[in-house]
Every structure is written in C-alpha cells, then in structure tokens.
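K.L.:
Let me give you the structure first, and then I'll get to my questions.
The values are calculated or read from the model by the stated rules, or taken from the named source; none is laboratory data. Everything quoted here is computed from the prediction, not taken from an experiment. Note: ideal-geometry Cβ built from the backbone for every residue, glycine included; neighbour counts use all protein chains shown.
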Amino acid sequence: MKLSINKSRGLWWGISSAVIIVGLISMIISWQNPQIQAPLRPGLDFIGGTRLQLVRDCNKPGNCDKPIDINIVRQVAQEQGLADSSIQLLADEKGQENGVSIRSKTLAVDERTKLEAALAEKIGVFDPQKNQNDTVGPTLGKELFTSGLLALVISFIGITLYMAVRFQWDYALFAIVALFHDILITTGFFSIIGLLFGVEVDSLFIVALLTITGFSVNDTVVIYDRIRENTQKNPNLSFYDSVDNAVNETLTRSINTTLTVLLTLGAIFLFGGSTLHNFALALIVGFAMGAYSSIFIASTLLAWWRSRGINVSRTTTETTV
C-alpha cells in the first residue's frame, strides 16, 4: 500500500498546529502562575535553592494512618518563614501520599533540621533513609540555564548550515521548521504535565532537547536525500510524486529505527529510576515527534513550496547516507 502524504497534508498540519497551540497556551498559563513564573516548571538546577523530600516511616504503628494534609504542610512552612515555597505531595510505591516535597530559598543545615522537626510533629515521623535534600546556588542555576540555551542555539545554527550546504536553502529551511515543531511539542507537553502533575525540568531536559534535534534531523536527511535522488532519476515526475515515493521508500527504515529506540527508552522510563524518568519521557515524546515531523511535516512543506514553481538553482554535492 502506497502512502500519499501530500493528499492529506492539511490534516497533518492541522494536527501539529492544534497540539502546538495547546502547548503554547499551557506555557502562557504556566508563566502567569505565581508559583512557576516560567513557561515550564523549572527544577532546582535552574533557579537554585533547597529542595527537601521527606517520606513518612510507615513501619511505625499509626504513623501513616491518615493522609498528609497539604494545608498543614503550608502552615508549618509559613511559620518557618517559607510561605513562598513550592509544596507537593508525593506518592509511595503503594500509591499512598506519604511524602512531601518542599522547594524553597537556600536553607542552612539548622534551618532544614528545624523545618523537618516541625513537620514531623504535625504529620508524622519521617524515614531518614528515604529523605533527600539538594541545594543549588542561584548563580550556578543561572549558568546552567544560559549554557543550555546557548547549546540549543548553536546546534540549530550548525544544523542549518549543514543542511544548506548538503542540500539547498529551502531544504534547510523546512528541516529547521520540523525541528522547531519537535521542540515546541516536547516543551508544550512538559508545560502541561508541569501544570497538572508538578513535573519539573532540569539540566537533563536540555540534554534531551539536544538529543532530539540530532535524531530528528537525521531522519529528515534520509528522506530528503531520497527525494533528491528521485528528482534526479525521474526529472519528468512531479515533485509531489517524488516526495511520496521517497517517503514510501524510507518508511520501513524510519518506523523500524524509531520503534527500536522507543523500546529502549521505554525500558529506561520504566526501570531507570527517578533520576532518568523525565529524561526518558522527554526523549520518547521528542523522538516520536521527530519521526512524525520528518515524514508528515518537513516533506509535505517542501513539496508544497516547490509546487509553487520556485526554482532553486544551485548544484549540490552528491552524497549518500
């Protein structure tokens, strides 16, 4: 069965536009949220401060009989001068909310000890083996954020130059559009789950975005290379047909590659631990969108552009993947 992607290009563009718009709306809402004040909920890596993760010891009789009341936690934080802290309840392996996460300004050791003691008195004794605390200075957080953004910008510039040299400028343009598509959908998705479930982004999220750009452009290069071969072998064939043929000829390769990667990422997501959980999730979303955009966005946009009769007269170097 031959896939005619250009006949339904309006559908593919509509789906992508709707998903991106929802993500952008979520980013705006997140930015207006006084507890977040950013398009994505920033983790400790970016804003600095102290994060305490406290889990009740359910081996003690009666310690976990009642669920944690988040209002009591907020009251204790306010009494400790931490009214502006971000507070979330955490579920344990049984799905019971027996833990609490508090992100606040940088706290000294005695301040952390005092806060933990006040909370233990109100909501129950904590398990010291499960408790965690992390502190990052605001200067380091700002440097991590700036470095991450700079790395993304440099990668986009490098990819644009590579695509322009290897193919033609319109190929490069729509490859970058596809990359923005993947990045916007991934960031929009994390903005949504940040609002709904309190998921934060950290420095590993920037690493995931950089990885997504590399995977996406690789998939796009394979299809674009086949499009160029088809137009050279069959110059009388319409560009729409050349694009459809190229997509069908590379479709099996694209699906197999993407599924293989997603299976590996799925294993990391399920069994890789909490540190890699969000990192793997970002890659799963980004890689799936990368395969989608290479087939349904970058290719159809290029076909639409060339169908307008625009002739890009520049000889490109013959290379193969």
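K.L.:
From LEU54, LEU24, grab the single residue that is within 21 Å of LYS105 (Cβ to Cβ) and either assigned to a helix (DSSP H, G or I) or not polar (S, T, N, Q) (or both).
P.N.:
It is LEU54.
K.L.:
Can you list the helices (runs of 4 or more DSSP H) found entirely within region 195-310 that contain at least 1 residues being over 30 Å from MET27 (Cβ atoms)?
P.N.:
The qualifying helices (runs of 4 or more DSSP H) are 203-233, 239-271, 299-307.
K.L.:
Residue under question is ASP84, and the condition is that it be under 25 Å from the mean Cα position of the chain (by Cα) and either of a type in the set (Asp, Glu) or not assigned by TED's automatic domain parsing to the domain that holds PHE205 (or both); does it hold?
P.N.:
No, not satisfied.
K.L.:
Select, from ALA282, ALA267, the only residue that is in contact (Cβ under 8 Å) with a residue 24 or more places away in the chain, of a type in the set (A, V, I, L, M, F, W, C) and assigned by TED's automatic domain parsing to the domain that holds THR213.
P.N.:
ALA282
K.L.:
Going through ALA118, ALA151 one at a time, which residue ends up being surrounded by fewer than 18 Cβ atoms within 10 Å (Cβ to Cβ), part of a helix (DSSP H, G or I) and under 28 Å from the mean Cα position of the chain (by Cα)?
P.N.:
ALA151
K.L.:
Given the criteria part of a helix (DSSP H, G or I) and surrounded by 15 or more Cβ atoms within 10 Å (Cβ to Cβ), does ILE157 qualify?
P.N.:
Against the criterion (part of a helix (DSSP H, G or I) and surrounded by 15 or more Cβ atoms within 10 Å (Cβ to Cβ)), ILE157 does not qualify.
K.L.:
Out of all the residues in region 37-56, is one or more among the small types (Gly, Ala, Ser) and exposed (fewer than 13 other Cβ atoms within 10 Å of the Cβ)?
P.N.:
Within region 37-56, none of the residues are among the small types (Gly, Ala, Ser) and exposed (fewer than 13 other Cβ atoms within 10 Å of the Cβ).
K.L.:
Here's a check for you: in region 191-212, which residue that is polar (S, T, N, Q) and modelled with pLDDT of 90 or more is surrounded by the fewest Cβ atoms within 10 Å (Cβ to Cβ)?
P.N.:
Looking at the filtered set, the residue picked out is THR211.
K.L.:
Okay, next question. Restricting to region 37-51, name every residue that is among the aliphatic types (A, V, I, L, M) and free of Cβ contacts under 8 Å to residues at least 40 places away in the same chain.
P.N.:
If the condition is that a residue be among the aliphatic types (A, V, I, L, M) and free of Cβ contacts under 8 Å to residues at least 40 places away in the same chain, then ALA38 is the only one that fits.
K.L.:
Moving to a separate point now. Which of the following residues is more than 29 Å from the chain's Cα centre (by Cα) and either under 30 Å from GLY148 (Cβ atoms) or of a type in the set (Val, Ile, Thr) (or both): THR113, THR106?
P.N.:
Only one candidate qualifies: THR113.
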